[in-house]
1. Considering only DSSP beta bridges with both partners in the range 1-143, what is the antiparallel share in %, to the nearest 5?
2. Of the DSSP beta bridges with both residues in the range 130-284, give the percent that are antiparallel, rounding to the nearest 5.
3. Under 13 Å Cα-Cα from Lys39, which aspartates and glutamates qualify once same-chain neighbours fewer than 8 residues away are excluded?
4. Count the net charge of all other residues whose Cβ sits under 12 Å from the Cβ of Trp249, scoring Lys and Arg as +1 and Asp and Glu as -1.
5. Considering every pair of different Cα atoms, what Kirkwood radius, in Å, is found for the range 107-166?
6. Along Cα→Cβ, 7 Å out, is where each label goes; now give me the distance between the ones at Glu145 and Arg321 in nm to one decimal.
7. Placing one identical point scatterer on every Cα of the range 276-317 and ignoring solvent, what is log10 I(q)/I(0) from the Debye formula at q = 0.16 Å⁻¹?
8. How long are the semi-axes of the equivalent ellipsoid of the range 224-368, defined as square roots of 5 times the Cα gyration tensor eigenvalues? Whole Å, largest first.
Amino acid sequence: MKIPLADLVAQYHTIQSDIDAAIRSVLESGHFILGPHVKAFEREVAAYLGVQNGVGVASGTDALILALRALGIGPGDEVIVPDYTFLATASAVLHVGASPVLVDVDPDTCCIDVAAVAANITSRTRAVMPVHLFGQPADMSPLMELAVAHRLTVIEDNAQALGALYGGRRTAAIGHVGCLSFFPSKNLGGYGDGGMVVTDDAELADRVRMLRTHGWRQKYDPEALGYNSRLDEMQAAILRVKLRHIDTWNAERGRRARQYAQAFAGTSVRTPVERPGSTHVHHLYVVRIAERAALERALEERGIATAVYYPRPLHATRLFRSLAAGRSFPVSAALSEELLAIPLYPEMSDEQQDTVVSAICEAALARS
Ligand SMILES: Cc1ncc(COP(=O)(O)O)c(C=O)c1O
């Protein structure tokens, strides 16, 4: 039996008639750009998260870029980002002409280390971008306190954590602005690219709306250099169907994650931390093991997919290494050597999970 990391086709089959009807409704409406589904989906996501405004854009990467642009962040400004993340968090900062300042992450959560943020604030720092990595909320309370004290804007990169809770609040709704991705494999994924900026700040949302359509509020009269970055009507129709299932799917991810944690207790495999007061939504189930290469090989031989997120921390990539010259990031360097994502998705069968558990226990126990 081959076991994938995630199975998007299996998920489609569980909701096929609703998805097919949603797609047909768009085809029959003839309305493909910024139509009623986009508007309704923006309202529904905002209500789900508990924020006032949602603005659909073309991807999670564009959500970050447009949020930064709408905040007026640009050349001469610094934005603090974690060294351990998908590269779009930091490349968005470069795209607007500002400087990403990389900082190390917390070894337990893999999210931004708040003490490292504090140590890297300068007179040029405008914002900090926590990433709720793999579905685990970053430690938002101390970060928000720090941000208030230093008048920094907090931009949450919530691409991987839709539905996660921190202190009873949804991530993306805790900072000044949140950025979502609807990349197909995300917890709420479309059948193509998509993203959203969410915020309680109506003026900020209005600027994102202006920027996503060529920088105009009034057609053909741009007031700023904008983009063509709109959430597609077809994706919005699909995502509206899927949003109704997000809590059920996240709960199922959580249940399977707890089963893995129990099964690997006492082995050399370290499982993700579940912090009191927050809910991890396990976008990816990422274990930590010193002998990663051996485990990868053992699982590959049994047809079990794995993946390394991320093989290079940002400071070790060609694009970002000059920004990190002379500084070290011991935690993110260690994580990039030892983390391994294993299969976890809501539609996984018990038999598939048992197969993964047996293979990992055999491989891990054989070496511990
Ligand atoms: C942490 C993080 N930030 C940003 C992005 C960018 O999202 P997108 O692929 O929708 O542009 C992703 C996902 O791909 C991500 O995982």
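1. Around 10 percent antiparallel, to the nearest 5.
2. 70
3. Those aspartates and glutamates meeting the cut-off are Asp232, Glu233.
4. +3
5. 11.8
6. 3.9
7. Treating every Cα as an identical point scatterer, log10 I(q)/I(0) equals -0.60.
8. On the way: eigenvalues 175, 136, 42 Å².
Here the semi-axes work out to 30, 26, 15 Å.
The values are calculated or read from the model by the stated rules, or taken from the named source; none is laboratory data. As the structure is a prediction and not an experimental result, all values here were calculated from the model. In this analysis, Cβ positions are derived from the backbone assuming ideal geometry, glycine residues included, and neighbour counts consider all displayed protein chains. The area values use the complete protein model at the heavy-atom level, side chains included, leaving out ligands, DNA and RNA. Shrake-Rupley method; radii C 1.70, N 1.55, O 1.52, S 1.80 Å.
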